[in-house]
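K.L.:
Here it is, the structure in full.
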Amino acid sequence: MQTLDRNTSLIDALKARRLKLATLVDFPVLLWSGQSSPRNFRANTFPFRASSHFLYFAGLPLENAVIRLEGGRLTLFIDEASPASALWHGETPKRDDIAAAIGATEAYPLSELKPEKNERGEEWLVTPSTWTNGAATIGVQDGKTHANQYIMCQRNVFRDAGRIEGIDLELARAIVSLRMIHDEFALTELRKAAMVSIAAHKAGMAATRCASVEAEIRAAMERVIIANGMTCAYSSIVTVHGEVLHNDQYHHAIGSGDLLLADVGAETASGWASDITRTWAVSGKFSSTQRSLYDVVLAAHDACIAAIRPGVEYRDLHLLAARTIAAGLVDLGILRGQVEDLVDRDVHALFFPHGVGHILGLDVHDMEDLGDLAGYETGRTRSDRFGLNYLRLDRPLQAGMVVTIEPGFYQVPAILQDPERRAKYHDIVDWDRLAQFADVRGIRIEDDVLVTETGAEVLTAALPTEIEAIEQLVQS
Ligand code: GLY
Ligand code: MN
Ligand code: MN
(Lines give C-alpha, C1' and ligand atoms only; values in the text may rest on other atoms or scores of the structure.)
(Ligands and ions follow the chains in the order given, each with its own letter.)
Protein backbone atom coordinates (compact mmCIF):
# COMPACT_ATOMS: atom_id res chain seq x y z
CA MET A 1 0.00 0.00 0.00
CA GLN A 2 1.73 3.17 -1.15
CA THR A 3 -0.81 5.99 -1.14
CA LEU A 4 -3.79 6.87 1.00
CA ASP A 5 -6.88 8.68 -0.22
CA ARG A 6 -9.20 10.01 2.42
CA ASN A 7 -12.47 8.35 1.52
CA THR A 8 -15.34 9.36 3.76
CA SER A 9 -17.75 6.78 2.36
CA LEU A 10 -15.22 4.07 3.23
CA ILE A 11 -14.80 5.44 6.75
CA ASP A 12 -18.58 5.67 7.23
CA ALA A 13 -19.05 2.08 6.02
CA LEU A 14 -16.30 0.82 8.31
CA LYS A 15 -17.72 2.66 11.28
CA ALA A 16 -21.19 1.26 10.64
CA ARG A 17 -19.76 -2.28 10.54
CA ARG A 18 -17.90 -1.77 13.81
CA LEU A 19 -20.98 -0.37 15.52
CA LYS A 20 -23.01 -3.36 14.37
CA LEU A 21 -20.36 -5.70 15.72
CA ALA A 22 -20.57 -3.89 19.06
CA THR A 23 -24.27 -4.74 19.25
CA LEU A 24 -23.47 -8.44 18.78
CA VAL A 25 -20.55 -9.01 21.17
CA ASP A 26 -19.78 -7.51 24.57
CA PHE A 27 -16.04 -8.28 24.64
CA PRO A 28 -13.11 -6.64 22.82
CA VAL A 29 -12.01 -8.06 19.48
CA LEU A 30 -8.52 -8.28 18.00
CA LEU A 31 -8.03 -8.94 14.29
CA TRP A 32 -4.65 -9.50 12.67
CA SER A 33 -4.04 -8.69 9.00
CA GLY A 34 -1.22 -11.26 8.57
CA GLN A 35 2.15 -11.12 6.84
CA SER A 36 3.58 -12.29 3.56
CA SER A 37 5.67 -15.45 3.60
CA PRO A 38 9.20 -15.58 2.18
CA ARG A 39 9.79 -17.62 -0.99
CA ASN A 40 13.52 -18.05 -0.41
CA PHE A 41 14.89 -15.02 1.43
CA ARG A 42 13.10 -12.52 3.62
CA ALA A 43 12.70 -9.80 0.98
CA ASN A 44 11.43 -12.11 -1.78
CA THR A 45 7.94 -12.93 -0.65
CA PHE A 46 4.75 -14.53 -1.93
CA PRO A 47 2.14 -11.85 -2.68
CA PHE A 48 0.54 -10.51 0.49
CA ARG A 49 -3.20 -10.80 0.97
CA ALA A 50 -4.66 -9.35 4.18
CA SER A 51 -7.07 -11.49 6.20
CA SER A 52 -10.64 -10.87 5.05
CA HIS A 53 -11.98 -10.43 8.60
CA PHE A 54 -9.42 -7.66 9.08
CA LEU A 55 -10.29 -6.10 5.72
CA TYR A 56 -13.98 -6.09 6.55
CA PHE A 57 -13.46 -3.76 9.52
CA ALA A 58 -10.21 -1.99 8.54
CA GLY A 59 -10.83 -1.49 4.82
CA LEU A 60 -7.15 -1.28 3.81
CA PRO A 61 -4.78 -4.17 2.99
CA LEU A 62 -2.25 -3.23 5.70
CA GLU A 63 0.53 -5.74 6.24
CA ASN A 64 1.43 -6.87 9.77
CA ALA A 65 -1.23 -4.76 11.45
CA VAL A 66 -3.72 -5.47 14.23
CA ILE A 67 -7.00 -3.75 14.99
CA ARG A 68 -8.78 -3.80 18.32
CA LEU A 69 -12.51 -3.20 18.21
CA GLU A 70 -14.56 -2.34 21.27
CA GLY A 71 -17.84 -0.45 21.55
CA GLY A 72 -17.52 0.68 17.91
CA ARG A 73 -14.04 2.17 18.48
CA LEU A 74 -11.02 1.01 16.51
CA THR A 75 -7.47 1.05 17.85
CA LEU A 76 -4.78 0.39 15.27
CA PHE A 77 -1.46 -1.33 16.00
CA ILE A 78 1.17 -1.11 13.30
CA ASP A 79 4.88 -0.31 13.20
CA GLU A 80 6.27 2.59 11.21
CA ALA A 81 8.33 1.44 8.22
CA SER A 82 12.03 1.31 9.06
CA PRO A 83 14.18 4.12 7.57
CA ALA A 84 15.93 1.51 5.38
CA SER A 85 12.64 0.41 3.83
CA ALA A 86 12.30 3.70 1.90
CA LEU A 87 15.28 2.66 -0.22
CA TRP A 88 13.52 -0.47 -1.43
CA HIS A 89 9.84 0.40 -1.15
CA GLY A 90 9.68 4.18 -1.33
CA GLU A 91 7.98 6.34 1.28
CA THR A 92 5.11 4.56 3.02
CA PRO A 93 2.25 6.21 4.91
CA LYS A 94 2.80 7.06 8.57
CA ARG A 95 0.88 5.29 11.30
CA ASP A 96 -1.23 8.36 12.12
CA ASP A 97 -2.16 8.90 8.47
CA ILE A 98 -3.26 5.29 8.17
CA ALA A 99 -5.25 5.64 11.38
CA ALA A 100 -7.02 8.71 9.97
CA ALA A 101 -7.77 6.93 6.67
CA ILE A 102 -9.63 4.11 8.42
CA GLY A 103 -11.29 6.20 11.11
CA ALA A 104 -9.22 4.79 14.01
CA THR A 105 -9.59 6.41 17.39
CA GLU A 106 -5.93 5.90 18.31
CA ALA A 107 -2.84 4.11 17.00
CA TYR A 108 0.21 2.46 18.56
CA PRO A 109 3.22 0.33 17.63
CA LEU A 110 2.80 -3.46 17.74
CA SER A 111 4.98 -3.71 20.84
CA GLU A 112 2.02 -2.35 22.85
CA LEU A 113 0.29 -5.70 22.38
CA LYS A 114 3.13 -7.77 23.78
CA PRO A 115 2.73 -9.45 27.16
CA GLU A 116 5.14 -8.76 29.99
CA LYS A 117 8.04 -11.23 30.04
CA ASN A 118 8.67 -13.14 33.26
CA GLU A 119 11.91 -12.94 35.24
CA ARG A 120 13.47 -15.68 33.05
CA GLY A 121 12.75 -13.66 29.89
CA GLU A 122 9.93 -16.02 28.78
CA GLU A 123 6.86 -14.63 27.07
CA TRP A 124 4.46 -17.59 27.37
CA LEU A 125 2.06 -18.04 30.28
CA VAL A 126 2.70 -14.56 31.57
CA THR A 127 0.39 -11.58 31.92
CA PRO A 128 -1.28 -10.50 28.66
CA SER A 129 -1.22 -6.80 27.85
CA THR A 130 -4.26 -4.76 28.83
CA TRP A 131 -5.07 -4.51 25.10
CA THR A 132 -5.27 -8.26 24.55
CA ASN A 133 -6.63 -9.44 27.90
CA GLY A 134 -10.13 -10.90 27.49
CA ALA A 135 -10.23 -10.21 23.74
CA ALA A 136 -11.61 -12.63 21.16
CA THR A 137 -9.93 -13.25 17.83
CA ILE A 138 -9.94 -15.33 14.65
CA GLY A 139 -6.87 -17.41 13.75
CA VAL A 140 -5.12 -16.19 10.59
CA GLN A 141 -3.71 -18.49 7.91
CA ASP A 142 -0.03 -17.52 7.89
CA GLY A 143 2.04 -19.41 10.45
CA LYS A 144 4.21 -16.53 11.62
CA THR A 145 1.26 -14.32 12.51
CA HIS A 146 -0.62 -17.27 13.98
CA ALA A 147 2.29 -17.88 16.36
CA ASN A 148 2.15 -14.17 17.32
CA GLN A 149 -1.54 -14.52 18.08
CA TYR A 150 -0.75 -17.24 20.64
CA ILE A 151 1.93 -15.11 22.26
CA MET A 152 -0.03 -11.89 22.33
CA CYS A 153 -3.28 -13.47 23.50
CA GLN A 154 -1.47 -15.87 25.89
CA ARG A 155 -3.78 -18.74 24.92
CA ASN A 156 -4.54 -21.17 22.12
CA VAL A 157 -6.04 -19.57 19.02
CA PHE A 158 -7.41 -22.27 16.75
CA ARG A 159 -7.58 -22.03 12.96
CA ASP A 160 -9.19 -25.41 12.63
CA ALA A 161 -12.88 -24.48 12.38
CA GLY A 162 -13.98 -27.50 14.43
CA ARG A 163 -11.90 -26.39 17.42
CA ILE A 164 -12.87 -22.71 17.64
CA GLU A 165 -14.52 -22.25 21.03
CA GLY A 166 -15.67 -19.79 23.70
CA ILE A 167 -15.61 -16.09 22.85
CA ASP A 168 -13.73 -16.83 19.61
CA LEU A 169 -16.70 -18.92 18.45
CA GLU A 170 -19.12 -16.18 19.54
CA LEU A 171 -17.05 -13.69 17.53
CA ALA A 172 -16.94 -15.96 14.48
CA ARG A 173 -20.74 -16.29 14.54
CA ALA A 174 -21.15 -12.51 14.89
CA ILE A 175 -18.81 -11.85 11.96
CA VAL A 176 -20.60 -14.45 9.85
CA SER A 177 -23.92 -12.71 10.44
CA LEU A 178 -22.42 -9.35 9.39
CA ARG A 179 -20.40 -10.50 6.38
CA MET A 180 -23.29 -12.62 5.08
CA ILE A 181 -25.46 -9.58 4.30
CA HIS A 182 -23.63 -7.05 2.17
CA ASP A 183 -23.86 -3.30 2.78
CA GLU A 184 -23.89 -0.74 -0.04
CA PHE A 185 -20.14 -0.21 0.13
CA ALA A 186 -19.49 -3.93 -0.29
CA LEU A 187 -21.97 -4.17 -3.15
CA THR A 188 -20.24 -1.31 -4.96
CA GLU A 189 -16.96 -3.20 -4.70
CA LEU A 190 -18.54 -6.51 -5.76
CA ARG A 191 -20.04 -4.79 -8.80
CA LYS A 192 -16.64 -3.33 -9.74
CA ALA A 193 -15.03 -6.76 -9.49
CA ALA A 194 -17.85 -8.22 -11.60
CA MET A 195 -17.45 -5.58 -14.33
CA VAL A 196 -13.71 -6.18 -14.67
CA SER A 197 -14.25 -9.96 -14.72
CA ILE A 198 -16.81 -9.58 -17.48
CA ALA A 199 -14.32 -7.58 -19.54
CA ALA A 200 -11.70 -10.27 -18.86
CA HIS A 201 -14.01 -13.02 -20.14
CA LYS A 202 -14.82 -11.04 -23.28
CA ALA A 203 -11.09 -10.56 -23.87
CA GLY A 204 -10.54 -14.30 -23.41
CA MET A 205 -13.25 -15.12 -25.92
CA ALA A 206 -11.85 -12.66 -28.44
CA ALA A 207 -8.32 -14.04 -28.01
CA THR A 208 -9.27 -17.69 -28.49
CA ARG A 209 -9.25 -18.12 -32.25
CA CYS A 210 -5.68 -16.79 -32.53
CA ALA A 211 -4.40 -18.79 -29.55
CA SER A 212 -2.74 -22.17 -29.72
CA VAL A 213 -2.35 -23.00 -26.01
CA GLU A 214 -4.52 -22.30 -22.97
CA ALA A 215 -1.89 -20.00 -21.43
CA GLU A 216 -2.43 -17.42 -24.17
CA ILE A 217 -6.11 -17.12 -23.34
CA ARG A 218 -5.36 -16.95 -19.63
CA ALA A 219 -2.89 -14.13 -20.34
CA ALA A 220 -5.49 -12.19 -22.33
CA MET A 221 -7.96 -12.50 -19.46
CA GLU A 222 -5.61 -11.71 -16.59
CA ARG A 223 -4.18 -8.77 -18.55
CA VAL A 224 -7.55 -7.02 -18.20
CA ILE A 225 -7.66 -7.71 -14.47
CA ILE A 226 -4.13 -6.45 -13.88
CA ALA A 227 -4.59 -3.42 -16.15
CA ASN A 228 -7.59 -2.42 -14.02
CA GLY A 229 -5.48 -2.43 -10.85
CA MET A 230 -7.04 -5.64 -9.59
CA THR A 231 -5.76 -9.14 -8.87
CA CYS A 232 -7.24 -12.58 -9.42
CA ALA A 233 -9.60 -13.65 -6.65
CA TYR A 234 -8.39 -17.26 -7.07
CA SER A 235 -6.20 -19.26 -9.44
CA SER A 236 -7.70 -18.93 -12.90
CA ILE A 237 -9.03 -22.06 -14.58
CA VAL A 238 -8.62 -21.72 -18.34
CA THR A 239 -8.65 -25.11 -19.94
CA VAL A 240 -9.84 -27.50 -22.61
CA HIS A 241 -9.94 -30.06 -19.79
CA GLY A 242 -12.95 -28.65 -18.00
CA GLU A 243 -13.54 -32.06 -16.46
CA VAL A 244 -10.64 -31.29 -14.07
CA LEU A 245 -12.69 -29.12 -11.75
CA HIS A 246 -9.90 -26.92 -10.40
CA ASN A 247 -7.45 -27.34 -13.27
CA ASP A 248 -4.37 -25.20 -12.64
CA GLN A 249 -2.42 -26.07 -15.78
CA TYR A 250 -2.37 -23.97 -18.90
CA HIS A 251 -0.07 -25.80 -21.30
CA HIS A 252 -2.58 -27.84 -23.31
CA ALA A 253 -2.88 -27.15 -27.00
CA ILE A 254 -6.38 -26.00 -27.90
CA GLY A 255 -7.99 -27.91 -30.74
CA SER A 256 -10.57 -26.43 -33.07
CA GLY A 257 -13.17 -28.96 -31.92
CA ASP A 258 -12.62 -28.31 -28.20
CA LEU A 259 -14.69 -26.49 -25.66
CA LEU A 260 -12.73 -24.08 -23.51
CA LEU A 261 -13.83 -23.59 -19.89
CA ALA A 262 -12.71 -20.36 -18.22
CA ASP A 263 -13.37 -19.77 -14.51
CA VAL A 264 -11.72 -16.41 -13.87
CA GLY A 265 -12.61 -13.68 -11.37
CA ALA A 266 -11.14 -10.36 -10.33
CA GLU A 267 -10.65 -9.02 -6.82
CA THR A 268 -10.70 -5.30 -6.04
CA ALA A 269 -7.79 -3.63 -4.25
CA SER A 270 -9.76 -3.79 -1.01
CA GLY A 271 -10.35 -7.51 -1.46
CA TRP A 272 -13.89 -7.96 -2.85
CA ALA A 273 -14.23 -10.88 -5.23
CA SER A 274 -16.08 -12.05 -8.29
CA ASP A 275 -16.31 -15.55 -9.69
CA ILE A 276 -17.42 -16.17 -13.27
CA THR A 277 -17.30 -19.25 -15.49
CA ARG A 278 -18.11 -19.40 -19.17
CA THR A 279 -17.58 -22.23 -21.61
CA TRP A 280 -17.14 -21.57 -25.31
CA ALA A 281 -16.28 -23.38 -28.50
CA VAL A 282 -12.68 -22.75 -29.57
CA SER A 283 -13.72 -22.56 -33.23
CA GLY A 284 -16.46 -20.05 -32.43
CA LYS A 285 -19.13 -22.61 -33.35
CA PHE A 286 -20.54 -25.22 -30.94
CA SER A 287 -21.02 -28.73 -32.40
CA SER A 288 -24.53 -30.17 -32.12
CA THR A 289 -23.52 -32.42 -29.22
CA GLN A 290 -21.80 -29.54 -27.41
CA ARG A 291 -24.85 -27.39 -28.02
CA SER A 292 -27.23 -30.03 -26.59
CA LEU A 293 -25.31 -30.48 -23.36
CA TYR A 294 -24.61 -26.75 -23.00
CA ASP A 295 -28.33 -26.08 -23.17
CA VAL A 296 -28.96 -28.64 -20.41
CA VAL A 297 -26.51 -26.82 -18.13
CA LEU A 298 -27.94 -23.46 -19.13
CA ALA A 299 -31.47 -24.66 -18.30
CA ALA A 300 -30.26 -25.60 -14.79
CA HIS A 301 -28.48 -22.24 -14.41
CA ASP A 302 -31.55 -20.26 -15.53
CA ALA A 303 -33.98 -22.30 -13.40
CA CYS A 304 -31.91 -21.70 -10.25
CA ILE A 305 -31.58 -17.97 -10.85
CA ALA A 306 -35.32 -17.67 -11.56
CA ALA A 307 -36.06 -19.39 -8.24
CA ILE A 308 -33.89 -17.11 -6.09
CA ARG A 309 -35.65 -14.96 -3.53
CA PRO A 310 -35.45 -14.50 0.26
CA GLY A 311 -36.54 -17.58 2.19
CA VAL A 312 -35.64 -20.09 -0.52
CA GLU A 313 -33.36 -22.86 0.74
CA TYR A 314 -30.10 -22.89 -1.22
CA ARG A 315 -30.09 -26.69 -0.94
CA ASP A 316 -33.36 -26.68 -2.90
CA LEU A 317 -31.64 -24.71 -5.66
CA HIS A 318 -28.96 -27.38 -5.78
CA LEU A 319 -31.61 -30.08 -6.06
CA LEU A 320 -33.40 -28.04 -8.74
CA ALA A 321 -30.17 -27.94 -10.74
CA ALA A 322 -29.74 -31.68 -10.21
CA ARG A 323 -33.29 -32.41 -11.43
CA THR A 324 -32.94 -30.11 -14.43
CA ILE A 325 -29.69 -31.76 -15.46
CA ALA A 326 -31.10 -35.26 -14.92
CA ALA A 327 -34.19 -34.38 -17.00
CA GLY A 328 -32.01 -32.97 -19.78
CA LEU A 329 -29.89 -36.11 -19.85
CA VAL A 330 -33.02 -38.29 -20.00
CA ASP A 331 -34.24 -36.21 -22.97
CA LEU A 332 -30.89 -36.72 -24.71
CA GLY A 333 -31.08 -40.49 -24.13
CA ILE A 334 -28.03 -40.56 -21.87
CA LEU A 335 -30.04 -41.50 -18.75
CA ARG A 336 -33.09 -43.69 -18.31
CA GLY A 337 -35.63 -43.38 -15.51
CA GLN A 338 -37.77 -40.95 -13.53
CA VAL A 339 -36.07 -37.66 -12.69
CA GLU A 340 -36.94 -37.67 -8.95
CA ASP A 341 -35.69 -41.22 -8.63
CA LEU A 342 -32.47 -40.44 -10.52
CA VAL A 343 -31.70 -37.55 -8.17
CA ASP A 344 -32.60 -39.60 -5.08
CA ARG A 345 -30.08 -42.17 -6.30
CA ASP A 346 -27.42 -39.45 -6.95
CA VAL A 347 -27.23 -40.34 -10.66
CA HIS A 348 -26.95 -36.62 -11.57
CA ALA A 349 -23.70 -36.49 -9.56
CA LEU A 350 -22.01 -38.79 -12.09
CA PHE A 351 -21.98 -35.71 -14.34
CA PHE A 352 -22.52 -32.85 -11.86
CA PRO A 353 -20.41 -33.88 -8.87
CA HIS A 354 -20.12 -30.51 -7.09
CA GLY A 355 -22.50 -28.15 -5.31
CA VAL A 356 -24.38 -25.51 -7.28
CA GLY A 357 -22.37 -22.71 -5.67
CA HIS A 358 -21.36 -20.83 -2.54
CA ILE A 359 -21.44 -17.43 -0.90
CA LEU A 360 -19.26 -14.68 -2.33
CA GLY A 361 -17.78 -11.61 -0.67
CA LEU A 362 -14.28 -10.76 0.47
CA ASP A 363 -13.31 -14.31 -0.41
CA VAL A 364 -14.36 -16.35 -3.38
CA HIS A 365 -15.66 -19.11 -1.13
CA ASP A 366 -16.55 -16.54 1.44
CA MET A 367 -15.64 -17.30 5.06
CA GLU A 368 -14.66 -20.90 4.37
CA ASP A 369 -11.69 -20.32 6.69
CA LEU A 370 -14.41 -20.88 9.32
CA GLY A 371 -15.31 -24.29 7.87
CA ASP A 372 -19.07 -24.63 7.42
CA LEU A 373 -19.91 -22.06 10.10
CA ALA A 374 -20.97 -19.55 7.46
CA GLY A 375 -22.22 -21.94 4.78
CA TYR A 376 -24.36 -24.15 6.98
CA GLU A 377 -27.29 -23.00 9.12
CA THR A 378 -26.67 -23.80 12.80
CA GLY A 379 -27.58 -27.41 13.49
CA ARG A 380 -27.09 -28.57 9.89
CA THR A 381 -24.12 -30.64 8.78
CA ARG A 382 -22.80 -31.95 5.48
CA SER A 383 -24.52 -34.94 3.99
CA ASP A 384 -22.30 -37.89 3.13
CA ARG A 385 -24.36 -38.55 -0.02
CA PHE A 386 -22.34 -38.46 -3.26
CA GLY A 387 -24.81 -35.95 -4.71
CA LEU A 388 -24.82 -33.56 -1.71
CA ASN A 389 -21.44 -33.82 -0.03
CA TYR A 390 -19.91 -30.89 -1.92
CA LEU A 391 -22.83 -28.59 -1.21
CA ARG A 392 -21.06 -25.61 0.39
CA LEU A 393 -24.15 -23.62 1.32
CA ASP A 394 -27.17 -24.98 3.17
CA ARG A 395 -29.22 -22.16 4.63
CA PRO A 396 -32.22 -20.08 3.57
CA LEU A 397 -31.40 -17.12 1.35
CA GLN A 398 -31.67 -13.61 2.77
CA ALA A 399 -31.79 -10.28 0.96
CA GLY A 400 -28.25 -8.88 0.74
CA MET A 401 -26.50 -12.22 0.30
CA VAL A 402 -24.43 -12.77 -2.84
CA VAL A 403 -24.23 -16.36 -4.04
CA THR A 404 -22.85 -18.04 -7.11
CA ILE A 405 -24.95 -20.26 -9.33
CA GLU A 406 -22.66 -22.62 -11.21
CA PRO A 407 -24.12 -25.89 -12.47
CA GLY A 408 -21.99 -28.01 -14.76
CA PHE A 409 -21.70 -31.18 -16.80
CA TYR A 410 -18.42 -33.10 -16.81
CA GLN A 411 -17.12 -36.41 -18.08
CA VAL A 412 -14.65 -37.22 -15.33
CA PRO A 413 -12.83 -40.48 -16.12
CA ALA A 414 -12.26 -41.24 -12.42
CA ILE A 415 -16.04 -41.20 -11.89
CA LEU A 416 -17.32 -42.65 -15.16
CA GLN A 417 -14.71 -45.43 -15.42
CA ASP A 418 -15.11 -46.49 -11.80
CA PRO A 419 -16.15 -50.18 -11.98
CA GLU A 420 -18.34 -49.97 -8.86
CA ARG A 421 -20.28 -47.00 -10.20
CA ARG A 422 -20.62 -48.56 -13.65
CA ALA A 423 -22.06 -51.68 -12.04
CA LYS A 424 -24.36 -49.69 -9.75
CA TYR A 425 -25.78 -47.58 -12.59
CA HIS A 426 -25.52 -50.09 -15.47
CA ASP A 427 -29.26 -50.04 -16.18
CA ILE A 428 -29.52 -46.25 -15.94
CA VAL A 429 -26.71 -44.84 -18.09
CA ASP A 430 -26.74 -45.58 -21.81
CA TRP A 431 -22.95 -45.73 -22.23
CA ASP A 432 -23.14 -46.04 -26.03
CA ARG A 433 -25.26 -42.93 -26.25
CA LEU A 434 -22.91 -41.10 -23.88
CA ALA A 435 -19.97 -42.00 -26.14
CA GLN A 436 -21.55 -39.87 -28.88
CA PHE A 437 -20.91 -36.79 -26.68
CA ALA A 438 -17.16 -37.36 -26.47
CA ASP A 439 -16.41 -33.79 -27.62
CA VAL A 440 -17.71 -32.49 -24.29
CA ARG A 441 -15.29 -32.90 -21.41
CA GLY A 442 -16.53 -30.12 -19.16
CA ILE A 443 -19.12 -27.33 -19.22
CA ARG A 444 -19.82 -24.91 -16.39
CA ILE A 445 -21.80 -21.67 -16.42
CA GLU A 446 -21.31 -19.49 -13.34
CA ASP A 447 -22.79 -16.16 -12.35
CA ASP A 448 -22.76 -14.03 -9.19
CA VAL A 449 -26.23 -13.25 -7.88
CA LEU A 450 -27.41 -10.73 -5.30
CA VAL A 451 -30.51 -11.81 -3.39
CA THR A 452 -32.87 -8.81 -3.35
CA GLU A 453 -36.07 -8.18 -1.32
CA THR A 454 -38.15 -9.45 -4.21
CA GLY A 455 -35.91 -11.86 -6.10
CA ALA A 456 -32.46 -11.68 -7.61
CA GLU A 457 -30.08 -9.36 -9.41
CA VAL A 458 -27.39 -11.07 -11.49
CA LEU A 459 -24.29 -8.95 -10.92
CA THR A 460 -22.58 -10.61 -13.88
CA ALA A 461 -25.56 -10.49 -16.26
CA ALA A 462 -23.73 -8.30 -18.79
CA LEU A 463 -21.75 -11.36 -19.85
CA PRO A 464 -24.03 -13.45 -22.06
CA THR A 465 -24.76 -17.09 -21.40
CA GLU A 466 -26.68 -18.00 -24.58
CA ILE A 467 -24.77 -19.90 -27.24
CA GLU A 468 -25.42 -17.45 -30.09
CA ALA A 469 -24.14 -14.46 -28.14
CA ILE A 470 -21.07 -16.35 -26.96
CA GLU A 471 -20.33 -17.51 -30.50
CA GLN A 472 -20.45 -13.90 -31.64
CA LEU A 473 -18.01 -12.81 -28.95
CA VAL A 474 -15.58 -15.57 -29.88
CA GLN A 475 -15.87 -14.70 -33.56
CA SER A 476 -15.47 -10.94 -32.93
N1 GLY B 1 -13.70 -20.52 -8.88
C2 GLY B 1 -13.98 -21.49 -7.90
C3 GLY B 1 -15.42 -21.77 -7.84
O4 GLY B 1 -16.12 -21.51 -8.77
O5 GLY B 1 -15.95 -22.16 -6.84
MN1 MN C 1 -17.68 -20.44 -7.69
MN1 MN D 1 -15.67 -20.15 -10.27
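K.L.:
Any residue in the range 358-369 that's farther than 14 Å from residue 54 by Cα: show its pairings with residues that are within 14 Å of ligand 3 (Cβ to nearest atom) and part of a helix (DSSP H, G or I) at Cβ separation under 9 Å, as long as the two are six or more apart or on different chains.
P.N.:
358/368; 359/368
K.L.:
Do we have residue 300 as within 16 Å of ligand 3 (Cβ to nearest atom), crowded, with 16+ Cβ neighbours inside 10 Å and more than 20 Å from residue 205 (Cβ to Cβ) here?
P.N.:
Numbers: within 16 Å of ligand 3 (Cβ to nearest atom): yes; crowded, with 16+ Cβ neighbours inside 10 Å: yes; more than 20 Å from residue 205 (Cβ to Cβ): yes.
Yes; evaluated as a whole, the condition is true for this residue.
Each row is one residue, and each column tells you yes or no for (1) outside any loop (DSSP other than H, G, I, E, B); (2) in contact (Cβ under 8 Å) with a residue 40 or more places away in the chain; (3) under 22 Å from residue 407 (Cβ atoms).
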| site | (1), (2), (3) |
| --- | --- |
| 249 | no, no, no |
| 255 | no, no, no |
| 260 | yes, yes, yes |
| 263 | yes, yes, yes |
| 270 | no, yes, no |
| 289 | yes, yes, yes |
| 294 | yes, yes, yes |
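For (1) within 19 Å of the chain's Cα centre (by Cα); (2) within 16 Å of residue 409 (Cα to Cα); (3) within 16 Å of ligand 2 (Cβ to nearest atom), each residue gets a yes or a no:
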position: 190; (1), (2), (3): yes, no, yes
position: 207; (1), (2), (3): no, no, no
position: 215; (1), (2), (3): no, no, no
position: 248; (1), (2), (3): yes, no, yes
position: 255; (1), (2), (3): no, no, no
position: 266; (1), (2), (3): yes, no, yes
position: 283; (1), (2), (3): no, no, no
position: 294; (1), (2), (3): no, yes, no
position: 304; (1), (2), (3): no, yes, yes
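K.L.:
Given the range 134-239, what helices (runs of 4 or more DSSP H) lie entirely inside it while holding 3 or more residues that are more than 27 Å from residue 47 (Cα to Cα) and in contact (Cβ under 8 Å) with a residue 60 or more places away in the chain?
P.N.:
On the way: elements: 143-153, 166-180, 184-208, 214-227.
Of the helices (runs of 4 or more DSSP H) lying wholly inside the range 134-239, those with at least 3 residues that are more than 27 Å from residue 47 (Cα to Cα) and in contact (Cβ under 8 Å) with a residue 60 or more places away in the chain span 166-180, 184-208.
K.L.:
Then there's this: Scan the range 389-441 for residues that are within 16 Å of ligand 3 (Cβ to nearest atom) and more than 27 Å from residue 367 (Cβ to Cβ) and report the count.
P.N.:
So the first thing to find is which residues in the range 389-441 are within 16 Å of ligand 3 (Cβ to nearest atom), and the list is 390-393, 402-410.
Imposing the further condition that a residue be more than 27 Å from residue 367 (Cβ to Cβ) reduces the set to 409.
Going through the range 389-441 one residue at a time, the tally reaches 1.
K.L.:
Sticking with this structure for a sec: Tell me, please, whether a residue that is surrounded by fewer than 18 Cβ atoms within 10 Å (Cβ to Cβ), among the acidic types (Asp, Glu) and at pLDDT 95 or above can be found in the range 377-394.
P.N.:
yes
K.L.:
Return the total of residues in the range 218-233 being aliphatic (A, V, I, L, M) and either under 16 Å from the mean Cα position of the chain (by Cα) or within 16 Å of ligand 1 (Cβ to nearest atom) (or both).
P.N.:
Of the residues in the range 218-233, the ones aliphatic (A, V, I, L, M) are 219-221, 224-227, 230, 233.
Those still in the list that are either under 16 Å from the mean Cα position of the chain (by Cα) or within 16 Å of ligand 1 (Cβ to nearest atom) (or both) too: 221, 225, 230, 233.
Selection size over the range 218-233: 4.
K.L.:
Could you tell me which residue of the range 345-383 is farthest from ligand 1 (Cβ to nearest atom), considering only residues that are of a type in the set (Ser, Thr, Tyr) and assigned to a loop (DSSP other than H, G, I, E, B)?
P.N.:
To start, the set of residues in the range 345-383 that are of a type in the set (Ser, Thr, Tyr) comprises 376, 378, 381, 383.
Next, from what is left, pick out any that are assigned to a loop (DSSP other than H, G, I, E, B): 378, 381, 383.
Values: 378: 24, 381: 21, 383: 19 Å.
So the residue we want is 378.
K.L.:
Kindly establish whether residue 319 is away from ligand 1 (no atom under 16 Å from the Cβ), outside any loop (DSSP other than H, G, I, E, B) and closer than 19 Å to residue 401 by Cβ.
P.N.:
Numbers: away from ligand 1 (no atom under 16 Å from the Cβ): yes; outside any loop (DSSP other than H, G, I, E, B): yes; closer than 19 Å to residue 401 by Cβ: yes.
Against the criterion (away from ligand 1 (no atom under 16 Å from the Cβ), outside any loop (DSSP other than H, G, I, E, B) and closer than 19 Å to residue 401 by Cβ), residue 319 qualifies.
K.L.:
Further, regarding this structure: Which of (1) small (Gly, Ala, Ser); (2) within 16 Å of ligand 3 (Cβ to nearest atom); (3) surrounded by fewer than 19 Cβ atoms within 10 Å (Cβ to Cβ) does residue 311 not meet, given it meets every other one?
P.N.:
Against the list (1) small (Gly, Ala, Ser); (2) within 16 Å of ligand 3 (Cβ to nearest atom); (3) surrounded by fewer than 19 Cβ atoms within 10 Å (Cβ to Cβ), residue 311 comes up short only on (2).
The values are calculated or read from the model by the stated rules, or taken from the named source; none is laboratory data. Keep in mind that this is a model prediction, so the values were computed, not measured. All Cβ positions, glycine included, derive from the backbone under ideal geometry; neighbour counts span all protein chains shown.
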